[in-house]
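Remarks on the structure that follows.
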Amino acid sequence: MTNLIYEVRKLSSKNIVSPKGFSASGIHCGIKHKKKDLAILKSEVPASVAGVFTTNAVQAAPLKVSKEVVYNTKKMQAIIVNSGNANACTGKQGIADAYEMQKLAADKLGIDPSLVGVASTGVIGEILNMEPIRSGVGMLNLGNNLEDGIDFAQAILTTDTVMKNTTYSTIVDGKEVIISGTAKGSGMIEPNMATMLGFITTDANIESDELQKAFSEITDLTFNSITVDGDTSTNDTVLVMANGLAGNDPLTPAHPDWANFYSTLKAVAEDLAKAIARDGEGATKLIEVEVEGAVSDEEARKIAKTVVGSPLVKTAVFGCDANWGRIIAAVGYSGATVDPEKITIKIGNALMVENGEPVKFSEEELIKILKANEVKINVSLGQGEGKGLAWGCDLTYDYVQINASYRS
């Protein structure tokens, strides 16, 4: 990245279809009882593509299809998505159904199947009912209005309580470049990656290999830095499509406006990641953990994610209990290099521990801090220059209720 001053601007009333040349649709086809459950996203022209997928050894059938597009074709023009059924652990039939979804979308759009990605989310282990999808594809009417992007965003949701959309713009070669994203994810969130689907569109001109390198780095700082419940799903997929219609010169790290593009893409990914953490099943609060003074950035992120993923920390935040002992315990078992006598902890602006020693604090002040919609925890280690962030949510009674009856 360059050291140039960059411009990143957040845009309102924009969504996944806002970059030049993108259109979308989302409908109810019958996989779910009532809610929208089938969606499609298209670029006017084949786009450069990057993808990051679950690290779970058990991977759903759609991932096989999408990985082939990302890694072999290295261009993507469309993505078809269903919710309500994950098409995971469904054997040879599941693979056949994923390829059929790819072909149905390709035939609908008049493009080569090798340019179509596939994603599914929902219940694991049930054969996908293809009849609603076969009829539903014919009912998809793509458009580039805000409502079309909203339909797409709604159709990919499962236990989410809200849509997750964000859009930013920047300047590259004097031209406006727009980057938009939408995602779903609420439970089984422990990326590398989590039960989440994310789709990012941009009209920037960048080759797939450069896009993949940049997005892999950004994923570590964003999607791989959130956790809700420690479970890693079979279906997690985030895809970025860049169709080049902004008309800028091809982006590489040597481009004078590379920092503009990279920072904007990171802003979109971070917004989506935080929105997923905030919407954790049954969650009432977003928790942000910042770690500084670690021996490396990687160790700082590891500690941050350990703290925010601790069930005891999460329940303490839910109960507005200023139990810093749970925080320092999580730091200690994170596996990172720490010196207990150098650890300093703050919750919000309240100092709890300084150089390993407890500090007197006001319970009344801490309760106010912990009652907020966002709770920030800072851990300073005094070991080096490493910094890292992670996001999660509190663990509530509702989380148990939602997941006790998810399938039924």
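The values are calculated or read from the model by the stated rules, or taken from the named source; none is laboratory data. Bear in mind the structure is a predicted one, so any value in this text is a computation, not a measurement. Backbone-built Cβ (ideal geometry, glycine too); neighbour counts: all protein chains shown. Surface accessibility is based on the protein's heavy atoms, side chains included, excluding ligands, DNA and RNA. Shrake-Rupley method; radii C 1.70, N 1.55, O 1.52, S 1.80 Å.
If you go through the stretch 253-278, how many residues are of a type in the set (V, I, T) and under 19 Å from E7 (Cβ atoms)?
Count: 2.
Can you tell me which of A246, A283, A254 is open to solvent by 50 Å² or more (accessible area, probe 1.4 Å), farther than 17 Å from I345 by Cα and in a loop (DSSP other than H, G, I, E, B)?
A254
Does the stretch 49-71 contain any residue that is surrounded by 21 or more Cβ atoms within 10 Å (Cβ to Cβ), modelled with pLDDT of 95 or more and part of a loop (DSSP other than H, G, I, E, B)?
No; the residues of the stretch 49-71 include none that is surrounded by 21 or more Cβ atoms within 10 Å (Cβ to Cβ), modelled with pLDDT of 95 or more and part of a loop (DSSP other than H, G, I, E, B).
Residues of the stretch 86-101 being under 25 Å from the mean Cα position of the chain (by Cα), open to solvent by less than 10 Å² (accessible area, probe 1.4 Å) and of a type outside the set (A, V, I, L, M), which ones?
N87, G94
Across the stretch 160-198, what is the number of residues that are touching a helix residue (DSSP H, G or I) at 6+ places or on another chain (Cβ under 6 Å), at pLDDT below 95 and open to solvent by 10 Å² or more (accessible area, probe 1.4 Å)?
The qualifying residues number 2.
Taking the condition of being loosely packed, with under 14 Cβ neighbours inside 10 Å and in contact with a Lys or Arg (Cβ under 9 Å, 6 or more places away or on another chain), how many residues in the stretch 328-348 meet it?
1
Checking the condition touching a Ser or Thr at 6+ places or on another chain (Cβ under 9 Å) and within 20 Å of G122 (Cα to Cα), which residue from T73, T55 passes?
T55
Six or more apart or on different chains, Cβ under 9 Å: which pairs go from a residue in the stretch 20-41 that's under 15 Å from L140 (Cβ atoms) to one that's of a type in the set (D, E, K, R) and in a strand (DSSP E or B)? Could you list them?
Between residues of the stretch 20-41 that are under 15 Å from L140 (Cβ atoms) and residues that are of a type in the set (D, E, K, R) and in a strand (DSSP E or B), the close pairs are F22/K42; F22/E44; S23/K42; S23/E44; A24/K42; S25/K42.
Just wondering, is there one or more residues in the stretch 287-306 that are modelled with pLDDT of 95 or more and hydroxyl-bearing (S, T, Y)?
Yes, because at least one residue in the stretch 287-306 is modelled with pLDDT of 95 or more and hydroxyl-bearing (S, T, Y).
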